[in-house]
1. Of the labelled options (i) 17.4; (ii) 16.2; (iii) 19.5, which one gives Kirkwood radius over Cα pairs in Å as computed for this structure?
2. With θ taken as phi - 60° and the coefficients 6.51, -1.76 and 1.60, list the Karplus ³J(HN,Hα) couplings across the range 51-63 in order, rounded to whole Hz; mark glycine and proline as x.
3. Work out which GluC sites (Glu not before Pro) in the chain are exposed loop sites (DSSP not H, G, I, E or B, at most 16 other Cβ within 10 Å) and give the longest gap free of them.
4. Please give the contour-minus-distance gain from Tyr110 to His44: 0.36 nm per residue of separation, less the Cα-Cα distance, rounded to one decimal in nm.
5. Which aspartates and glutamates, if any, have their Cα less than 16 Å from the Cα of Lys118, not counting same-chain residues under 8 positions apart?
6. For a label point 7 Å from the Cα of Glu59 along Cα→C-beta, name the residues of the range 3-35 whose backbone N is under 12 Å from it.
7. Considering only Cα-Cα distances, which of the following residue pairs are longer than 26 Å: Lys4/Lys68; Lys17/Lys98; Lys27/Lys108; Lys27/Lys69; Lys79/Lys112; Lys4/Lys27?
8. Taking amide hydrogens as modeled 1.01 Å from N in the peptide plane, which residues meet the under 5 Å criterion relative to Leu88, leaving out close sequence neighbours?
Amino acid sequence: MEEKYEAGIELFGTEVKSIRAGTLNLKDAWCSIQSGELFVNGMHISPYDKGNIFNKDPERVRRLLMHKKEIRKMQELVKRDGYTLVPLSVYFKDARVKLEIGACKGKKNYDKRDSIAKRDAEREMDRHMKERNR
């Protein structure tokens with residue numbers, strides 16, 4: 001994670017109530033920049049129980065609210081350096097819902113191989129320790 005940004009989210013009333021109830025999932029979410037605007041994709045907000053016809057699609061694309069200058073800076077970062085914009089957390093600031101976005105850089109192949117080798121070594125040690133304790 002290189003940089004963190006704070007953005008507002010354009011939401012409907014039932015979505016805010018649902019977030020207050022704790023029914024938000026950011027697991028597969030990611031951010032994109034299209035025509036100078038910032039969007040969050042894959043963020044799941046479950047429908048509000050008492051929302052009936054006012055509930056929106058839980059997986060819909062939501063617009064994020066940031067200054068144009070910040071969006072342009074993020075767009076250059078993503079284009080030039082190969083960063084990805086990932087939503088990290090959602091929180092309330094006063095009465096407004098805010099989304100923390102991180103500019104993350106993916107692992108290189110040699111980093112991945114190193115991580116896999118460490119994980120495999122730890123598994124081997126665990127297996128030997130289990131056999132030893134029997």
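1. Of the listed options (i) 17.4; (ii) 16.2; (iii) 19.5, (i) comes from this structure.
2. Residue by residue, the range 51-63 yields x, 5, 6, 8, 5, 9, 4, x, 9, 5, 6, 10, 7 Hz.
3. So the longest stretch without any such site is 60-134.
4. Gain on extension, Tyr110 to His44, equals 20.4 nm.
5. The reachable aspartates and glutamates, counting only those whose Cα sits under 16 Å from Lys118, are Asp126.
6. Residues passing the 12 Å test: 28-29.
7. Lys27/Lys69, as the Cα separations exceed 26 Å there.
8. Glu100, Ile101, Gly102
Every number in this text was worked out from the coordinates using simple rules, so none of it is lab data. The structure displayed is predicted, hence computed values, not measured ones. So basically every Cβ, Gly included, is an ideal-geometry build from the backbone, and we count neighbours across all protein chains shown.
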